[in-house]
Amino acid sequence: MSRARALPEHALGWLHDLGRWIGTWLWIPFFRVRIRHPERIPATGPVVLVANHSAFVDGPLLFGMFGRRVVFLVKAEMFSGIVGPLLRWLGQVPVRRDVVDRRPLTTLLDVLRDGGVVAVFPEGTRGTAGTGGDIGRARQGAAWLARAASAPLLPVAVRGTRRPAGAGRRFRPRVDVLVGEPLPAPTAPGRDGLATATVGVTEALRTLVRELDSEYRQVTRPEAAGDVREK
């Protein structure tokens, strides 16, 4: 870690900030993005952001949304070819799914101890058609990071980025980003403490997703409903 940057050592701070700036307007031609309750995002200090994940674009979309540097866990398969060095320079951290490796979490813990924000999709991959990006099999990495760094957990729900199966091309679909209330840093020890914190943030995310789903269901025009369907 390079102190006072809140980024991993391999990151280029100027490139990370440039990427976030681009991310504030890059999606305007493609989506009608609405961020709800941005005031709930802590302005300073360590934060573990946890979000549902239903489409590839969710991560890049959130990257420029929060007015702070954000370091994401990104699946290792993305770090191939010319994209790999760019992701590293932007400060993103590769993680291999279903492989026990504490190095990514250690890197993120350093970011948090430097007062930074890290983002985790706790189901570890994009939601399938059956889950639609709801939190299916939540993992405990986010809770471990929050407890180790005494950082609040910030649930964030995203709806509208995923095209429904069988639907045609959509013109600037509505995308909602709903920021939840920060949850206090977990303090209970042991695996039971992590499990309890994981259940708490999972339920918080599900509540946010249900809130957005309920709003979408009240929309009479099907094309405005984004990726949400009645279950």
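With every protein chain in place and a 1.4 angstrom probe, the accessible-area ranking of 53, 10, largest first, reads 10, 53. Model label points for residue 25 and residue 10, set 7 angstrom from Cα along the Cα-to-Cβ axis, are 3.1 nm apart. Potential lengthening of the chain between residue 40 and residue 188 amounts to 50.9 nm, from the contour at 0.36 nm per residue minus the alpha-carbon distance. Residues whose amide H comes within less than 5 Å of that of residue 175, counting only those at least five positions distant or on another chain, are 32, 33, 34 (H built at 1.01 Å from N in the peptide plane). Each Lys and Arg adds +1 at its Cβ and each Asp and Glu adds -1 at its Cβ; summed about the Cα centre, region 1-113 shows a dipole of about 220 debye. Could you tell me the accessible area of residue 21 in Å² (1.4 Å probe, neighbours in place), rounded to the nearest ten? Residue 21 has an accessible surface of roughly 150 Å² with all protein chains in place.
In order along region 181-194, phi translates into HN-Hα couplings of 6, x, 9, x, 4, x, 10, 5, x, x, 5, 4, x, 5 Hz, rounded to whole numbers, per the Karplus curve 6.51 cos²θ - 1.76 cosθ + 1.60 with θ = phi - 60° and x for Gly and Pro. Multiplying the residue separation of residue 103 and residue 86 by 0.36 nm and removing their Cα-Cα distance gives an extension gain of 4.2 nm.
Sequence-ordered 3J(HN,Hα) estimates for region 151-156 from the Karplus curve with 6.51, -1.76 and 1.60 and θ = phi - 60° stand at 10, x, 9, 10, x, 9 Hz, glycine and proline given as x. In this structure the amide hydrogen of residue 50, modeled in the peptide plane, comes within under 5 Å of the amide hydrogens of 120, 154, 156, none closer than 5 places in sequence on its chain. Taking a Cβ cut-off of under 13 Å around residue 148, the surrounding Lys, Arg, Asp and Glu residues balance to a net charge of +2, with basic ones at +1 and acidic ones at -1. Converting phi to 3J(HN,Hα) with the Karplus coefficients 6.51, -1.76 and 1.60 and the offset θ = phi - 60°, region 16-24 yields 4, 5, 5, x, 5, 4, 4, x, 6 Hz in sequence order, with x at every glycine or proline.
The values are calculated or read from the model by the stated rules, or taken from the named source; none is laboratory data. Computed from a predicted model, the values in this text were never measured in an experiment. Cβ coordinates were reconstructed from backbone atoms using ideal geometry, including for glycine residues, and neighbour counts include every protein chain displayed. Just so you know, the surface numbers come from the protein's heavy atoms only, side chains and all, with ligands and any DNA or RNA stripped out. Shrake-Rupley method; radii C 1.70, N 1.55, O 1.52, S 1.80 Å.
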